[in-house]
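The values are calculated or read from the model by the stated rules, or taken from the named source; none is laboratory data. Everything quoted here is computed from the prediction, not taken from an experiment. Counting neighbours? That spans all protein chains shown, and the Cβs are built from the backbone with ideal geometry, glycine included.
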Amino acid sequence: MYLYADIIVDISHESVDKPFTYRIPEELIGKLETGMSVLVPFGRGNTLRRGYVIGFRESISFEESRVKEIAGSAPEDAAASAVLVRLAGWIKAQYGSTMIAALKTVLPAKQKKRSLEKKEICRLLSEEETEALAKQCRAKHKTAMARLLDALRAQERLPMELAREKLHISPATIAALEKQGALSVEKKRVYRNPIEGSVLLANRKNAFGGLRPDLSAAQQRIVDSVLQDYDAGVRKTYLIHGITGSGKTEVYMNLIEGCLSRGRQAIVLIPEIALTYQTVVRFSRRFGERVSILHSGLSAGEKYDQCERAKNGDIDVIIGPRSALFTPFSSVGLIIIDEEHEPSYKSETMPKYHARETAIYLASLHKASVVLGSATPSLESYYRAKRGEYGLFELKERLTGNVLPKVYPVDLRRELREGNRSIFSRRLQELIADRLEKGEQVMLFLNRRGMAGFVSCRSCGHVMKCPHCSVSLSEHRNGKLVCHYCGYEERAVKVCPSCGSPYILGFKAGTEAVEEKLHQMYPGARVLRMDGDTTKRKDSYEKILSAFADREADILLGTQMIVKGHDFPAVTLVGILAADMSLFAGDYRAAERTFQLLTQAAGRAGRGDMPGEVVIQTYQPEHYSIVHAASQDYEGFYGEEILYREIGAYPPAAHMLAVLVAAKEEEVAKNTAAALAALARGEAADGKLTVLGPGSASLSKLSDSYRFVFYVKSADGKRLSDVRDSMERFIESLQNRSEQVQFDVDPISGY
Ligand code: ADP
Ligand code: ZN
Ligand code: ZN
């Protein structure tokens with residue numbers, strides 16, 4: 001029984017580390033939850049203040065007489081911060097983290113820089129009076145004064161900068177007119193605007209909303225249904241399944257307009273990498289200075305100012321990656337998540353929240369609608385849409401009129417059989433040569449996801465798999481093949497168990513090696529390489545892409561980074577060098593990720609007027625993710641993949657909890673993981689929980705810590721969070737513990 005609660009008064013990012021303990025009055029015992037707000041006596045005068053519950057205690061380590069008692073529950077609070085505290089409470093309960101970590105995630109950090117101020121010159125006289133005064137000045141040859149007065153006549157408030165630098169007015173002139181009572185100088189708080197001045201200026205000239213196509217019937221239907229629901233008081237999550245270029249963004253913008261005209265604010269989430277100059281221009285052209293952006297590239301001052309602008313009601317649309325969810329708007333009406341399938345929507349640090357799930361909960365607090373969009377929806381979202389939990393819309397045509405590219409799957413086993421050992425198939429070689437000759441551009445995509453090293457046979461394509469989990473085994477440095485779900489191990493094989501070929505080995509190929517080959521085969525070709533090495537500097541990503549857009553190179557070679565972002569109209573050939581790589585990443589989402597990557601990579605070809613071609617090189621041309629990506633058939637892929645998830649009890653057919661235990665001493669990590677797994681097994685007697693592992697993680701050692709992982713699966717999400725609670729209590733009870741335990745609900749990558 002909890003008799004005490006930890007409360008923070010003055011909710012802010014900085015104060016969450018300083019909770020105060022209060023006694024819970026009898027009538028509230030058992031009724032409080034983390035995130036709730038209460039009234040507490042505070043300070044010497046014991047004035048009642050609003051505080052937030054962030055945790056509970058059974059006992060205290062100091063004198064009972066020194067503890068104050070909670071005065072009662074606080075009236076409903078609609079302030080942005082109160083909503084965010086409740087959201088933090090939900091994140092804590094949902095994903096397993098401390099309340100403090102959850103609060104730090106949702107509350108904006110205090111500004112480290114002081115606020116900016118600007119001086120403005122304000123006219124105090126009427127237009128006529130000002131004009132008369134200007135005339136007098138001119139008569140007395142006080143031309144500077146006259147110039148300033150003329151400017152003020154036309155514009156009541158003039159930025160000081162403009163007066164000084166453009167009109168060349170001296171401080172003495174301004175002071176003289178101020179003395180005469182013609183004007184005053186005022187200070188105005190200004191906010192840093194992360195949208196570049198050049199964008200704003202260009203847009204002002206263009207007049208907002210200038211570029212506004214008439215919606216197609218399919219687009220209009222989506223806008224109408226969502227807004228009709230909204231006006232009828234129905235708030236739902238909708239999924240727009242629409243190929244790239246089918247006009248989703250145009251739909252989002254119309255929905256946002258609908259939302260703003262109903263007096264509410266909108267949040268637009270996009271994957272960080274997609275937050276390009278073009279996106280910003282497009283939204284800012286439609287919504288002017290009511291829109292802003294938030295992303296990790298902004299300075300602390302810029303971030304803080306955007307939160308202030310949101311609180312003050314100066315902006316009502318925010319665009320950004322997942323953390324933009326926590327913009328302190330007072331009344332959100334719409335949350336849009338573009339490219340909703342992107343793994344970057346899941347936080348990689350504790351709390352490992354998923355922006356989609358979190359957005360849906362946040363929307364319930366604000367009574368807002370949620371719109372998800374993707375060309376390749378996540379299995380989760382499509383599954384829920386099919387079951388009627390989400391509204392489903394399809395956009396099937398490109399509005400720009402160009403056609404989808406032609407796709408050729410190439411069987412690399414056959415290439416080997418027929419004597420071609422190069423990384424490039426014969427078809428790809430021919431097509432590259434053809435494009436170089438015609439002066440058209442080529443993109444080569446090396447799928448490097450899954451570099452953990454699955455082992456496959458170059459002759460027959462056989463892949464070494466775990467007999468228990470149907471995911472591929474990974475080759476470890478000690479020569480063993482390991483399953484990262486259940487810990488199953490076997491010795492590395494020398495010949496293929498399926499065909500006897502000795503060409504069975506771990507898959508390795510880097511972009512650098514491919515670049516070298518390109519130079520050998522096509523000596524005149526200009527190649528740009530984009531990977532982790534060439535994009536270490538902050539702006540190098542944009543630089544490489546714009547160089548390619550400016551046709552400074554013939555071939556862009558890269559990892560998944562090149563799949564998204566810019567449109568390159570001159571690209572008429574896309575080569576996918578090793579489509580299989582991601583298929584054997586050793587986690588249950590491997591096929592989904594492969595399908596998404598291939599579909600998107602293929603979508604890069606033929607964006608302009610010229611039709612495109614795509615070569616998909618693979619050892620598994622018959623694998624359903626490759627077959628359906630080649631025919632751009634999402635439904636077909638979904639149908640097969642969902643069966644696999646149902647049979648294997650993987651999300652979305654069931655829930656999965658990953659438990660990662662890390663410690664400097666291998667024994668400690670291993671034993672704690674074993675103890676926690678045993679605890680979970682102890683609760684699995686009714687057969688509604690399955691525990692896999694523990695085993696060594698695929699990243700088995702990270703910054704000198706040994707890592708062990710195990711998984712708990714259940715169709716019932718509540719059972720999983722109950723087990724997690726028991727594990728949390730067990731961890732709290734450990735003395736002098738040195739290990740770290742992380743929970744990951746419905747993980748999206750392997751460990
Ligand atoms: P998506 O977000 O699905 O990739 P966009 O909204 O960016 O699609 O639209 C793709 C292209 O089609 C853009 O150039 C956009 O201006 C144009 N477009 C969108 N809707 C229409 C429309 N109703 N009529 C004409 N062009 C449109
Ligand atoms: Zn073989
Ligand atoms: Zn296994």
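Remarks
- Leading residue by the ranking (nearest to ARG551 (Cα to Cα)) among those in the range 487-531 that are aliphatic (A, V, I, L, M) and part of a helix (DSSP H, G or I): LEU518
Yes/no per residue for (1) among the aliphatic types (A, V, I, L, M); (2) over 22 Å from TRP90 (Cβ atoms):
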| residue | (1), (2) |
| --- | --- |
| GLY30 | no, no |
| VAL38 | yes, no |
| ASN46 | no, yes |
| GLY51 | no, no |
| ILE60 | yes, yes |
| GLU64 | no, yes |
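- Residues (more than 18 Å from ARG189 (Cα to Cα) and aliphatic (A, V, I, L, M)) located in the range 288-306: VAL291, ILE293, LEU294, LEU298
- In the range 619-641, the residues that are over 16 Å from ALA375 (Cα atoms) and modelled with pLDDT under 90: TYR619, GLN620
- Of all residues in the range 345-380 being in a helix (DSSP H, G or I) and of a type in the set (A, V, I, L, M, F, W, C), the one that is farthest from LEU87 (Cα to Cα): LEU379
- Count of the range 679-706 residues, restricted to those that are in a strand (DSSP E or B) and either on the phi > 0 side of the Ramachandran plot or surrounded by fewer than 16 Cβ atoms within 10 Å (Cβ to Cβ) (or both), is 4.
- Within the range 528-573, the only residue that satisfies the criterion of being touching a Pro at 6+ places or on another chain (Cβ under 8 Å) and within 21 Å of LEU428 (Cα to Cα) is THR572.
- Scanning the range 34-89 for residues that are surrounded by fewer than 14 Cβ atoms within 10 Å (Cβ to Cβ) and part of a helix (DSSP H, G or I) yields GLU64, SER65, ARG66.
- If you check GLU622, GLU667 for being assigned to a helix (DSSP H, G or I), over 26 Å from the mean Cα position of the chain (by Cα) and surrounded by fewer than 20 Cβ atoms within 10 Å (Cβ to Cβ), only one passes: GLU667.
- TYR383 being more than 16 Å from ligand 3 (Cβ to nearest atom) and in contact with a strand residue (DSSP E or B) (Cβ under 8 Å, 6 or more places away or on another chain): no
- Residue within the range 698-705 that is out of contact with any Pro (no Cβ under 8 Å at 6 or more places or on another chain) and modelled with pLDDT of 85 or more present: no
- Hey, THR376 within 28 Å of ALA217 (Cβ to Cβ) and either among the polar types (S, T, N, Q) or within 16 Å of ligand 1 (Cβ to nearest atom) (or both) or not: yes
- The residues on offer are LEU124, LEU107, LEU116, and the sole one that is closer than 25 Å to ASN193 by Cβ and surrounded by fewer than 17 Cβ atoms within 10 Å (Cβ to Cβ) is LEU116.
- In the range 461-489, of all residues being small (Gly, Ala, Ser) and buried (at least 18 other Cβ atoms within 10 Å of the Cβ), the one that is farthest from ligand 1 (Cβ to nearest atom) corresponds to GLY487.
- Residue list for the range 1-48, restricted to those being touching an Asp or Glu at 6+ places or on another chain (Cβ under 8 Å) and among the basic types (Lys, Arg): ARG23
- Conditions (1) touching a helix residue (DSSP H, G or I) at 6+ places or on another chain (Cβ under 8 Å); (2) crowded, with 17+ Cβ neighbours inside 10 Å; (3) under 21 Å from THR572 (Cβ atoms); (4) not charged (D, E, K, R); number of the one not met by TYR408: (2)
- Within this structure, ARG285 fails the test of being charged (D, E, K, R), more than 20 Å from PRO321 (Cβ to Cβ) and modelled with pLDDT of 95 or more.
- Listing of helices (runs of 4 or more DSSP H) fully contained in the range 212-327 that carry 2 or more residues being within 16 Å of ligand 1 (Cβ to nearest atom): 217-231, 248-261, 277-287
- TYR22 vs. criteria touching a Pro at 6+ places or on another chain (Cβ under 9 Å) and modelled with pLDDT of 85 or more: yes
- The single condition among (1) buried (at least 22 other Cβ atoms within 10 Å of the Cβ); (2) at pLDDT 95 or above; (3) under 20 Å from MET36 (Cα atoms) that PRO351 does not satisfy is (2).
- Consider the range 378-401 and keep the residues that are among the aromatic types (Phe, Trp, Tyr) and out of contact with any Leu (no Cβ under 6 Å at 6 or more places or on another chain). The one that is farthest from ligand 2 (Cβ to nearest atom) is PHE393.
- Flag for PHE424 being of a type outside the set (A, V, I, L, M), surrounded by 21 or more Cβ atoms within 10 Å (Cβ to Cβ), within 26 Å of GLY524 (Cβ to Cβ) and away from ligand 1 (no atom under 16 Å from the Cβ): yes
- Residue list for the range 441-490, filter: of a type in the set (Val, Ile, Thr), modelled with pLDDT of 80 or more and more than 16 Å from ligand 2 (Cβ to nearest atom): VAL442, VAL482
- Verdict on PHE424 being assigned to a loop (DSSP other than H, G, I, E, B) and either in contact with a strand residue (DSSP E or B) (Cβ under 9 Å, 6 or more places away or on another chain) or within 16 Å of ligand 2 (Cβ to nearest atom) (or both): yes
- For the range 191-211, filtered to residues that are more than 16 Å from ligand 1 (Cβ to nearest atom) and among the polar types (S, T, N, Q), the residue that is modelled with the lowest pLDDT is SER198.
- For ILE169: the one exception among (1) closer than 21 Å to GLU117 by Cβ; (2) more than 55 Å from the chain's Cα centre (by Cα); (3) among the aliphatic types (A, V, I, L, M): (2)
- Looking only at residues of the range 356-373 that are more than 17 Å from ARG322 (Cβ to Cβ) and of a type in the set (Ser, Thr, Tyr), we find that the one that is farthest from ligand 1 (Cβ to nearest atom) is SER364.
- For the range 684-694, the condition holds for no residue, the condition being that it is under 19 Å from VAL745 (Cβ atoms) and acidic (Asp, Glu).
- Of all residues in the range 328-344, those that are within 16 Å of ligand 1 (Cβ to nearest atom) and part of a loop (DSSP other than H, G, I, E, B) total 4.
- THR594 vs. criteria among the β-branched types (Val, Ile, Thr), surrounded by fewer than 24 Cβ atoms within 10 Å (Cβ to Cβ) and not in a loop (DSSP other than H, G, I, E, B): no
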